[in-house]
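Encoded as structure tokens, the structure appears first; notes follow it.
The values are calculated or read from the model by the stated rules, or taken from the named source; none is laboratory data. Since we're looking at a predicted model, the values are computed, not measured. Cβ atoms come from the backbone with ideal geometry, glycine included; neighbour counts cover every protein chain shown. With ligands, DNA and RNA removed, areas are computed over all heavy atoms of the protein, side chains included. Shrake-Rupley method; radii C 1.70, N 1.55, O 1.52, S 1.80 Å.
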Amino acid sequence: MAHLHFCICMLLAALVSYTTAQLIVNVRNKGGETVVEKILANTTADTVTLEFLNSDGSLVTQFIDFKSEVQIFRIYVLGEEELGSTKPQAMCFITRFLRNDFISSDAMSKLRQKNPTAIRTPEEEKEMSIHSLDLMVNLDKGHVLSPHVFNICSEATDGIFAQETDLRTISKSLAKDYITLISSTSELVPSKHPRCRDTSDIGRPCACELRTCIGWYPCGLKYCHGKDTGGRVVSYRCGIKTCKRCLSFVYVAKLKTKCLWDF
Ligand SMILES: *[C@@H]1O[C@H](CO)[C@@H](O)[C@H](O)[C@H]1NC(C)=O
């Protein structure tokens, strides 16, 4: 049970009184390999960053901006040398953050594990989250979505992608107007193009799918019950629920050669 291995240590955090804290978690993936996840919470900015290097060499960063209700997935994919592309590709995918899919930055900053070298497996696997991205966000305008887009996505030379329906929902809930700042053209709608894996035309745009899995993350809190000094029953945060979630990002790649992993 995860709550035996993790505590939300209020006292420790109060004594040290920092606003950022990093947790390093060893996670077993499907292939039996261990992936090392670094999770950093910044309570001042109200953000969480989860980062790991896959065994295939890709580097995945999940960044959650709780204030803007936005999450950014930045993925670096290594080039395939035998196919003549040696430069890594870098993409950013900006999606709506669904509240209750990750514990708060405050709870995250207080999370400590009793045995840091243990290899973790999640308690629950969530269903795959599929994102069909039909907008490109200009790096200079990304700040209207989240002030962190510029820092996180400045190296995403292969594109910063988002989904119009996501942005409409966020703009409603935060009373901001994004849509006028980010333009969409039918050329960016994945369903208007052949799948990269099916097309033999290497010179045209195609719909590329990139999949990744967040192998372990704290997806909720567990509560314990006890009695206070007056004998009243109280409930308090005493641990976490852990989940795994795979994600599928479908977007328009300029060329089939920009989507070599999708066969
Ligand atoms: C945490 O966020 C604050 C406010 O955005 C920022 O000034 C600070 O540098 C951040 N700390 C770290 C370690 O990133």
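Some observations on this one:
- Any hit, region 29-37, residues being crowded, with 20+ Cβ neighbours inside 10 Å, modelled with pLDDT under 70, within 29 Å of residue 106 (Cβ to Cβ) and touching a strand residue (DSSP E or B) at 6+ places or on another chain (Cβ under 9 Å): no
- Close pairs (9 angstrom Cβ cut-off, 6 or more residues apart or separate chains): closer than 29 Å to residue 260 by Cβ in region 143-172, open to solvent by 80 Å² or more (accessible area, probe 1.4 Å) and within 16 Å of the ligand (Cβ to nearest atom) anywhere: 149/143; 150/143
- Qualifying position, being among the basic types (Lys, Arg) and without any contact (Cβ under 8 Å) to a residue 12 or more places away in the chain, among 222, 241, 227, 254: 227
- Subset tally (residues that are away from the ligand (no atom under 14 Å from the Cβ), out of contact with any Phe, Trp or Tyr (no Cβ under 8 Å at 6 or more places or on another chain) and open to solvent by less than 50 Å² (accessible area, probe 1.4 Å)) for region 38-62: 3
- The set of residues in region 78-107 being open to solvent by less than 20 Å² (accessible area, probe 1.4 Å) and within 30 Å of residue 159 (Cα to Cα) consists of 90, 91, 92, 93, 94, 95, 97, 102, 103, 105.
- Options 131, 193; residue that is modelled with pLDDT of 90 or more and closer than 17 Å to residue 62 by Cβ: 131
Table: residues versus (1) modelled with pLDDT under 90; (2) under 30 Å from residue 111 (Cβ atoms); (3) surrounded by fewer than 17 Cβ atoms within 10 Å (Cβ to Cβ); (4) under 17 Å from the mean Cα position of the chain (by Cα).
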site	(1), (2), (3), (4)
188	yes, no, no, no
197	no, no, yes, no
212	no, yes, no, yes
217	no, yes, no, yes
226	yes, yes, yes, no
262	yes, no, no, no
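- Every condition in (1) open to solvent by 90 Å² or more (accessible area, probe 1.4 Å); (2) free of Cβ contacts under 8 Å to residues at least 40 places away in the same chain is met by residue 130 except one, and the failing one is (2).
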